[in-house]
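Notes to accompany the following structure.
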Amino acid sequence: MGAAFFYIIFNPAASSGMSVNIFKKVRARLDNEHIPYEIKVSRYAGHAVQLARQIGSFGKQENAVLMVIGGDGTLNQAICGLRKTRQKDMPVAYIPAGSGNDFARGIKMAQDPMKALDQVLAADKPLRLDIGQYTEATRDESGIFVNNIGVGFDGSVIAATNRSRYKRVLNRVHLGSLSYVAGVVRVFFSRKPFPVAVTVDGQRTLIQRAFLVTTTNHPYFGGGIKILPIATPDDGKLDLIVVEQLNIPYFFFLLVQMLRNKHFKYKAVHHFASPHIHLETTSLEFGQMDGEEMGSRPFELDFTVTQQNFWIKREMDK
Ligand SMILES: Nc1ncnc2c1ncn2[C@@H]1O[C@H](COP(=O)(O)OP(=O)(O)OP(=O)(O)O)[C@@H](O)[C@H]1O
């Protein structure tokens, strides 16, 4: 049976406002098909957490699905809020309307929002997929992530990109991913390597000259970069990639290897996979979570995997 009701959380600021058109099309389609829904609009950064809490706490509709229209950040916030309520098992339908949309890529659902809506409307049962949980001891924070949490390079890229005046312009011409590329180039030449201690399955590994330290649920980060092709969101594990500081020729060499999915063979690239990963840094580093800034600090992160109900019927589920 399809969803009987959609609670919708919509972020009008996603993809620098490009999400508004997508929202209108989704609403028109639901109206055409006489599917009932209720809309809650995210009015400020972080508002989606509170909206999802309200839905999960006070929503009374039977067989309801929480539909998120926005980017990865909005999806993260909505799931985070919902999981704090008694209706935490309410399935989540995602309509990608952000600039990066890595979650859609990562779970192999359609990235085209209207095709994604087709897949949502075709669903007849919840799909359980992995998501990550984290606690961060330095600032005593905890939460979930649907894509990845990165310390170092990607954290710095997100911080630089969000401050860039090009992001808005590039989003408007559907080239949002390019704004990350500009951030990558800027950060590559300015960041310094740092030590990181990784503990996986009771085994501690110290990497002295880390540059990128990313724990991920699926292959993609940074708006479509396939950093960890072997990560899957349904294996009950999280994957951690640590890339050491590289000189420019080696960086480009590894980049080419990455495009060929062959970068794991090199000793500057470390890979760990486990349901439980712990890492610590000592220096002040930038962090990112699902493309959102975490600020800078020495990080002490503990990661575990958990499952979340989604509402989608992908090609592969048919
Ligand atoms: N009304 C609003 N005004 C400004 N910012 C908002 C508003 N509502 C939500 N936000 C913030 O917008 C930010 C970006 O949202 P989101 O991640 O969904 O889109 P995106 O960055 O374009 O997409 P992606 O993460 O896929 O690249 C989030 O940090 C969210 O908290």
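None of the figures in this text is laboratory data; all of them are computed from the coordinates on show. Computed from a predicted model, the values in this text were never measured in an experiment. Glycine also receives a Cβ, built like all others from the backbone with ideal geometry; neighbour counts cover every protein chain displayed.
Check the straight Cα-Cα distances from Lys115 and name the lysines below 17 Å, setting aside those fewer than 8 residues away within the same chain.
Correct list for Lys115: Lys24, Lys25, Lys313, Lys318.
Using the alpha-carbon atoms, what tilt in degrees (0 to 90, nearest 10) does helix 176-188 show relative to the longest principal axis of the chain?
That helix lies at roughly 20 degrees to the long axis.
If you take every DSSP beta bridge fully contained in the chain, what fraction is antiparallel? Give it as a percent rounded to 5.
The antiparallel proportion sits near 75 percent.
Can you tell me the order of 39-52, 72-85 when each peptide is scored by its average per-residue count of other Cβ atoms within 10 angstrom, highest first?
72-85, 39-52
Relative to the first principal axis of the alpha-carbon coordinates of the chain, what is the inclination of helix 72-82, with its axis defined by its Cα atoms, in degrees from 0 to 90 and to the nearest 10?
60 degrees
Each residue of the range 266-275 in order: what ³J(HN,Hα) in whole Hz does its phi give by Karplus 6.51 cos²θ - 1.76 cosθ + 1.60, θ = phi - 60°, with x for Gly and Pro?
Result, ordered by residue: 9, 6, 7, 10, 10, 10, 10, 9, 6, x Hz.
Please compute the contact order of the range 133-307 in relative form: average sequence separation of alpha-carbon pairs under 8 Å and at least six residues apart, divided by the residue count, as a percent.
30 percent
Using Cα atoms only, what is the angle between the long axis of helix 19-32 and the major principal axis of the chain, expressed in degrees (0 to 90) to the nearest 10?
It works out to around 30 degrees.
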